[in-house]
Amino acid sequence: MRHFLWLIDYSKEEIKEIIDLAFQIKKETKAKIFKPYLKNNQLAMIFEKSSTRTRVSFEVGINQLGGNGLFLSSRDIQLGRGEPIKDTARVISRMVDLIMIRTFGQDRLEEFAKYSRVPVINGLTDLCHPVQLLADLMTMIEFKKFDFENPHNTLAVYVGDGNNMAHSWAILAGKLGFNLNIATPKGYEIDEFIKNKALEFAKKSGAKINFYSDPKEAVKNADVVTTDTWVSMGQEDEKEKRIKDFRGFEVDKKLISLAKNDAIFLHCLPAYRGYEVSEEIFEKYEDVIFTEAENRLHGQKGLMVWLKK
């Protein structure tokens, strides 16, 4: 039995298997062919953080695979009233076949997985967001910005907060071997443990991972530019300070002009125009961005089927 807690646990070959399966299922879905890969399987979806894309993509995904999704907010279950995580895990995992959790600390997710009898999927934690990176990778492949056979030909650039998305990009680049620049304001760098792990993986894969405090330097000749909100859930009281500290990090026409002419722009959504991305750039790349959002559905379907193989 495998869990999907973060990309650190997965090899390049395993990630490719999941992505290949996701593309196969996406092709079938587009043709309105819904094979019951997970017939009668039950997916428990535990949300301690609210979500649009995560809930819709997992619930629709498990239904299209022939199973059923059960939405559980922290207000609906005893976990939100102080029941030990391990007890909730032992109860729920006796009744379902898969569990997805969207929560705060990575430690909560890992404790849950430790006591679960079924595969647990990370729907997002403060440390990482691996299911989003499956969608991002699919989108890069579809727009011809990544090839598993020639990963060093891709330069991706992450601009913004050194948060769970930056962490996930760093680990994915290290594992797959594509080049990555991360540009963050001083004081908002990525976690040191994640940084060291990414660089460790990069030594084996040949990836070049560099860190900048100047986004203009980072974006030069990029194939892919990506960002995320400057103010994540739970950071609302820091909003004004963050807006000030992130001045100059907006992905706008001037910044993205430094990338390659055929570069693409990704955003995991929700997007706050006028902050991390301009309205003009968001709308210019809306087809890429909403293909990326749709790929949450297909990537996660591939993942769920892979975990239950």
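The values are calculated or read from the model by the stated rules, or taken from the named source; none is laboratory data. In this text, all values refer to a predicted model and were calculated from it rather than measured experimentally. Using ideal geometry, Cβ is built from the backbone for each residue, glycine included, and neighbour counts are taken over all protein chains shown.
Miscellaneous remarks
- Qualifying residue in region 35-51 (condition: assigned to a helix (DSSP H, G or I) and surrounded by fewer than 22 Cβ atoms within 10 Å (Cβ to Cβ)): no
- Residue in region 133-156 that is farthest from Tyr285 (Cα to Cα), counting only those that are in a loop (DSSP other than H, G, I, E, B) and in contact with a strand residue (DSSP E or B) (Cβ under 6 Å, 6 or more places away or on another chain): Lys145
- The sole residue among Gly105, Gly123 that is small (Gly, Ala, Ser), over 19 Å from Ser11 (Cα atoms) and free of Cβ contacts under 8 Å to residues at least 24 places away in the same chain is Gly105.
- All helices (runs of 4 or more DSSP H) inside region 159-273 with 3 or more residues being in contact (Cβ under 8 Å) with a residue 40 or more places away in the chain and buried (at least 21 other Cβ atoms within 10 Å of the Cβ): 164-176, 215-219
Yes/no per residue for (1) farther than 29 Å from Thr103 by Cβ; (2) polar (S, T, N, Q):
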residue	(1), (2)
Asn179	yes, yes
Phe193	no, no
Asn210	yes, yes
Ala218	yes, no
Ala222	yes, no
Trp230	no, no
Asp237	no, no
Lys241	no, no
Lys254	yes, no
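- Taking the criterion of being basic (Lys, Arg), in contact with a strand residue (DSSP E or B) (Cβ under 7 Å, 6 or more places away or on another chain) and more than 17 Å from Leu297 (Cα to Cα), the only residue of region 41-84 that qualifies is Lys49.
- Count of region 66-111 residues, restricted to those that are within 13 Å of Ala44 (Cα to Cα), under 21 Å from the mean Cα position of the chain (by Cα) and not aliphatic (A, V, I, L, M), is 4.
- Residue match in region 120-129 (condition: over 24 Å from Leu72 (Cα atoms) and outside any helix (DSSP H, G or I)): no
- In the set Glu13, Glu17, only one residue is in the same structural domain as Gly69 (by TED's automatic domain parsing) and farther than 16 Å from Lys301 by Cβ; that residue is Glu13.
- Residues satisfying the criterion are present in region 172-190 (criterion: closer than 21 Å to Ala293 by Cβ, out of contact with any strand residue (DSSP E or B) (no Cβ under 7 Å at 6 or more places or on another chain) and in the same structural domain as Met140 (by TED's automatic domain parsing)).
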